[in-house]
Amino acid sequence: MANTPLAERYRDRLPLTAATPIVTLGEGDTPLLPAPRLSASLGLEVWLKWEGQNPTGSFKDRGMTVAVSKALEEGAQAVICASTGNTAASAAAYAARAGLPALVLQPAGAVAIGKLAQARALGARLLEVRGSFDEALAVARELASRGTHVLVNSLNPYRIEGQKTAALEILEQLGGQPHVVALPYGGGGNTCAYVKGFEEAGRLPRMLAVEASNRDNTAASAIRIADPAHAAEVAAALERSRGRVVTVSDEAILDAWRALAQEEGIFCEPASAAGVAGLAHAELEPGTRVVCVVTGHGLKDPEAAVRLTPPPLAVDPDPDAIAALA
Ligand code: F0G
């Protein structure tokens, strides 16, 4: 059957009613890919949950379909979010789909160009806040509390509900439980969502939440968040899962980013490689079955790709000249 909306596939596990108007762009049902070269180099059994395949190119769409559907059901007039870029693109797309205005607050100068282009093209009211993501989030929360806008950051519990479906998909696709799930840790909403999904299925693997060592200035701009909104919840969830926070350098993140692209054919944005980067620091038993969540598409941040790889050589349209360079 053609792509069934995530909200329909998992209707019995989501807080939806017969009256909820489902706002969908065909999210979820993303590939779980084996990673043979990473597996060999790490001595682990590595799988990649490729969330860049979602409609706006990140995992946020899983949460946004539920959050915007519920906002519409509850009579919202507009939605608001603060974002390092992906939540913004997703909110803009689902709001457009729902016929609602979206107000997006982004830290000025800190959002990758692909995400800016998306939010603009999708018609969001985009404001660049002179400040950090955390400051933008504080303002978004304040404005939402005034009742004019529904907050669609992951502090909105419907976002977590939608995002937990990725855990359910992994269990189905793997036909069992992974030993370990590793994923990037920014604000922590997604870590909480996976734990919720696995716990509700009664099958909680060890979770590794991988953060950048310089949180407030990492090259992985999606997770440039100094003060994670879900920190306390993440700590409790990791304890239940016998997991932990793993802290990695930007260099390790970018090495993993390159390996994903050049060894496995997965072009993601830098932050999305954090889960893979964390494996080298996690002291896992050889052969451990690990799922790394690869959270967003590489085209989100084309500048990173251009900055981090050698430029092409210029050549005349001459076969001998080209053969000499190949
Ligand atoms: N990976 C990507 C590509 C992200 O965009 C984010 C968060 C994360 C990982 C971390 O997820 O915050 O739930 O721990 N992006 C948010 C945004 C902050 O505004 O798009 P988290």
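The values are calculated or read from the model by the stated rules, or taken from the named source; none is laboratory data. Note that the structure is predicted; figures quoted are calculated from it, not measured. Glycine also receives a Cβ, built like all others from the backbone with ideal geometry; neighbour counts cover every protein chain displayed. Just the protein is used for accessible areas: all its heavy atoms, side chains included, with ligands, DNA and RNA removed. Shrake-Rupley method; radii C 1.70, N 1.55, O 1.52, S 1.80 Å.
Side notes on the structure shown:
- FRET efficiency, 1/(1 + (r/R0)^6) with R0 25 Å, evaluated for N214 and R130 via beta carbons: 0.75
- Extension gain for R307 to E73 (0.36 nm times residue separation, less C-alpha to C-alpha distance): 79.8 nm.
- Computed from the C-beta positions of A323 and Q262 and an R0 of 30 Å, the FRET efficiency is 0.85 to the nearest 0.05.
- Across region 50-65, rounded Karplus estimates of 3J(HN,Hα) from the backbone phi angles (6.51 cos²θ - 1.76 cosθ + 1.60, θ = phi - 60°) give 8, 7, x, 7, 5, x, 9, x, 8, 5, 4, 4, 4, x, 5, 4 Hz, Gly and Pro being marked x.
- Calculated log₁₀ intensity ratio I(q)/I(0) where the Debye formula runs over C-alpha points of region 113-212, q = 0.15, 0.20, 0.21 Å⁻¹: -0.78, -1.07, -1.11
- When all protein chains stay in place and ligands, DNA and RNA are ignored, the 1.4 Å accessible-area order of K49, K196, largest first, is K196, K49.
- Region 59-153: equivalent-ellipsoid semi-axes (sqrt of 5 x gyration tensor eigenvalues, Cα, Å): 19, 15, 10
- Solvent accessible area, Å² - L284, 1.4 Å probe, full protein context: 30
- Accessible area per residue for region 187-274 is 38 Å², calculated with a 1.4 Å probe on protein heavy atoms, without ligands, DNA or RNA.
- In the context of the full set of protein chains, residues of region 5-118 present 32 Å² of accessible surface per residue (probe radius 1.4 Å, heavy atoms only).
- Accessible-area composition of the chain, carbon plus sulfur, in percent [1.4 Å probe]: 53
- Probe 1.4 Å, all protein chains present, accessible-area order of F133, F198, largest first: F133, F198
- The modelled label-to-label distance between E200 and A232, using points 7 Å beyond Cα along the C-beta direction, is 2.3 nm.
- Accessible area of D29 in the full protein assembly, 1.4 Å probe (Å², nearest 10): 90
- The trypsin sites (Lys or Arg not before Pro) found in region 217-283 that occupy coil by DSSP, while having at most 13 further C-beta atoms within 10 Å, are R242.
- Expressed in Å, the radius of gyration and Dmax of the Cα atoms of the chain are 19.6, 68.
- Extension gain, Q177 to A108, is 20.7 nm, computed as 0.36 nm per intervening residue step minus the present C-alpha separation.
- Interchain or long-range residues, amide H under 5 Å from E27's placed H: L6
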